[in-house]
Amino acid sequence: MIVRTAFFCLVWLATPLAATTVQRFDLATLTASAERIVVGVCSQAQPQWVRGQIYTHYVFSVSQTIKGPETSQLELHLPGGHLQGAVTRIVGMPVFAPGDEAVLFLTAANALGHSWPVGLAQGRFAIKRRTANRPRVFQELDGLTLHPEPHSAPKKAQPDEPVQGMPLDQFLAQVRSLTEDQSPETRDAH
């Protein structure tokens, strides 16, 4: 029995994860769809059982708020994680570790009061700091399959090329510009 169980676990762990298919969002659509846009650093990642499912409770220290209410701390509760020997992975859902810095495009709170990244991993731009270079943003879309248009065939996700590796300050200026272009005051002025 132990050998059969071990074999099943090895086969199960070796089975590739399926892709998650979502609609493709460009930067303008991400900005328009987001209820909140913040720059922050993950300070805590705590997996927990919620109604029989593993969720990870993330806490972020917010350094900048681009859109939405100002806050110094943000909490996300996302499905997936590793707890008590059990692993749940939602393909396309971003995973954070303490110290990860990111620009987050977040939905409005759901019925449980939790926000999610818009378009799953599309709503996270990791900030990479290298010693000699300015900080840059990168989209990491592993496992996502995207529909570029509502009625087209899905394609394996590729990062948003115009912003992939863009300097952080330039990226944030572009997002701020898009946010201003979408504000009711700006639309009414045109």
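Numerical summary
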| quantity | calculated |
| --- | --- |
| Amide H contacts under 5 Å for Gly80, placed H, 5+ residues apart | Ile54, Tyr55, Thr56 |
| Sites Arg129 and His57, calculated FRET efficiency, Cβ-Cβ separation with R0 30 Å, nearest 0.05 | 0.75 |
| Label-point separation, Asp142 to Asn110 (7 Å along Cα→Cβ), nm | 2.3 |
| Burial ranking of peptide ranges 116-125, 87-96 (average Cβ count within 10 Å, highest at the top) | 116-125, 87-96 |
| Phe60, Phe138 arranged by Cβ crowding within 10 Å, fewest neighbours leading | Phe138, Phe60 |
| Per-residue HN-Hα couplings for the range 134-142 [Karplus 6.51, -1.76, 1.60; θ = phi - 60°; Hz; x = Gly/Pro] | 5, x, 10, 10, 9, 8, 10, 10, 3 |
| Förster radius 45 Å - calculated FRET efficiency between Gln174 and Val50 (Cβ-Cβ, nearest 0.05) | 0.80 |
| At R0 = 30 Å, FRET efficiency that the Cβ-Cβ distance of Ser72 and Thr21 yields, to 0.05 | 0.25 |
| Stretch gain in nm, segment Glu35-Ala97, where the contour uses 0.36 nm per residue and the Cα spacing is subtracted | 20.0 nm |
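Every number in this text was worked out from the coordinates using simple rules, so none of it is lab data. It should be emphasised that the depicted structure is a prediction, and the values quoted were computed from it without experimental measurement. Using ideal geometry, Cβ is built from the backbone for each residue, glycine included, and neighbour counts are taken over all protein chains shown.
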